[in-house]
Amino acid sequence: MGLPANGSSEKPLKFLIYGRTGWIGGLLGKLCESKGIDYQYGSGRLENRLSLESDIASVKPTHVFNAAGVTGRPNVDWCESHKVETIRTNVVGTLTLADVCRDNGLVLINYATGCIFEYDADHPIESGVGFKEGDSPNFTGSFYSKTKAMVEELLKNYENVCTLRVRMPISSDLANPRNFITKITRYDKVVNIPNSMTILDELLPISIEMAKRNLTGIWNFTNPGVVSHNEILEMYRDYIDSNFSWKNFTLEEQAKVIIAPRSNNELDANKLKNEFPELLSIKESLVKYVFEPNKKTRGA
């Protein structure tokens, strides 16, 4: 599904981006600069309708990108004790932005989450059967995921919104504390479960192309296939630090040191792959975009 082209050569692209201080929002700005795309960061608060309307009136964008949201610091456990703040941004704010964009005939590219599913009897672990875009969320273990599932359901009614389900985002910047690889290399112990993940170096440029094509609806925004924690850490050892070692623990042991349960799942990326046939599998993308550029060991 898409809307009529509004980023044609007759009207040069101009992006309005929310989430300037966030990881994805910051990367988006750099991408626009490298591609010569005119962009501005929004100054309004998502939950303040008048400020959003003011931004759109002054910037006059062709597309709007929402990379703002509360994920919690240092992790989603924060949301368990800050529920109103989480609702204000993740639900009220996102819906307000979608509504203002619709009133102005603008496509909204919304970076959402795929952490709203968990393996179940119909989607067993390591079965290759992933959750599709039309499946209803089955994971509400964390308040963060609960709010994200709520807002996704409501956004289905907005024909101008492109919802991108991001999962466990990874980039080539291994010094970034938000990077999934950086996180797990710093943990005392890690679980070992195959998951769908998003390689930002490959997929963020694709999200810009999706805006150009005015694609809307829900998209599983992950590389095809799954990769486990141990497989990633083995790559890290082979490419980055040959002396690196780690310890595993079970989900039951993990539950004792976290407040909210975590989502583990495989998302079916066929819809995205059909639109962008060049999309690499998760393991191929990890090597090409993350580990090869950062390679420090010999013989990897």
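The values are calculated or read from the model by the stated rules, or taken from the named source; none is laboratory data. Quantities reported herein were computed from a predicted structural model and do not represent experimental measurements. Backbone-built Cβ (ideal geometry, glycine too); neighbour counts: all protein chains shown. Each accessible area value is taken on the protein alone, full model and side chains, heavy atoms only, with ligands, DNA and RNA left out. Shrake-Rupley method; radii C 1.70, N 1.55, O 1.52, S 1.80 Å.
What residue among ASN160, ASN138, ASN110 has the largest mean-square fluctuation in a Gaussian network model of the chain, using Cα springs under 10 Å?
ASN138
Hey, what D do you get for region 158-300 in µm²/s if you plug the Kirkwood alpha-carbon radius into Stokes-Einstein at 20 °C and 1.002 mPa s?
Taking Rh from Cα pairs, D becomes 132 µm²/s.
Can you give the accessible area of MET150 in Å² (nearest 10), computed on protein heavy atoms with a 1.4 Å probe?
90
Relative contact order for the chain using alpha-carbon pairs under 8 Å, separation at least 6, rounded to a whole percent?
For the chain, the relative contact order is 20 percent.
Before I look further, what does region 129-277 give for accessible area per residue, probe 1.4 Å, in whole square angstrom?
With the other protein chains kept in place, region 129-277 gives 40 Å² per residue.
I'd like the projected area of region 14-100, averaged over all directions, using the convex hull of its alpha carbons. Report it in nm² with one decimal.
Quarter of the Cα hull surface area: 5.6 nm².
Over the alpha-carbon set of region 76-166, divide Rg by the Kirkwood Rh and report the Rg/Rh ratio to two decimals.
Ratio of gyration radius to Kirkwood radius for region 76-166: 1.01.
Using helices alone, what [θ] at 222 nm do you get for the chain, with -39,500 (n - 2.57) per DSSP H run of 4 or more residues, divided over all residues and rounded to the nearest 500?
-9500 deg cm²/dmol
When the solvent-accessible surface of protein heavy atoms is calculated with a 1.4 angstrom probe, in what order do ARG237, ARG298, ARG186 fall, highest first?
ARG298, ARG186, ARG237
Given the chain, what whole percent of its Cα pairs are spread farther than 32 Å?
25
Run the 1.4 Å probe and let me know the accessible area of TYR236, rounded to the nearest 10 Å².
Approximately 40 Å² of TYR236 is accessible to the 1.4 Å probe.
How do the peptides 30-36, 284-290 rank, highest first, by the average count of neighbouring beta carbon atoms within 10 Å per residue?
284-290, 30-36
Using the Kirkwood formula over every pair of different C-alpha atoms, what hydrodynamic radius in Å results for region 26-185?
17.2
Can you give the accessible area of THR62 in Å² (nearest 10), computed on protein heavy atoms with a 1.4 Å probe?
Per-residue accessible area (THR62): approximately 0 Å².
Considering only protein heavy atoms and a probe of 1.4 Å, how much of the accessible area of region 14-293 is carbon and sulfur, as a whole percent?
Of all accessible area on region 14-293, carbon and sulfur atoms account for 49 percent.
Taking the convex hull of the alpha carbon atoms in region 140-209, what volume per residue do you get, in Å³?
With only Cα atoms used, region 140-209 gives 123 Å³ per residue.
Between ASN223, ILE170, ASN48, whose Cα lies farthest towards the positive end of the dipole of the chain when Lys and Arg beta carbons carry +1 and Asp and Glu beta carbons carry -1, centred on the Cα centre?
ASN48
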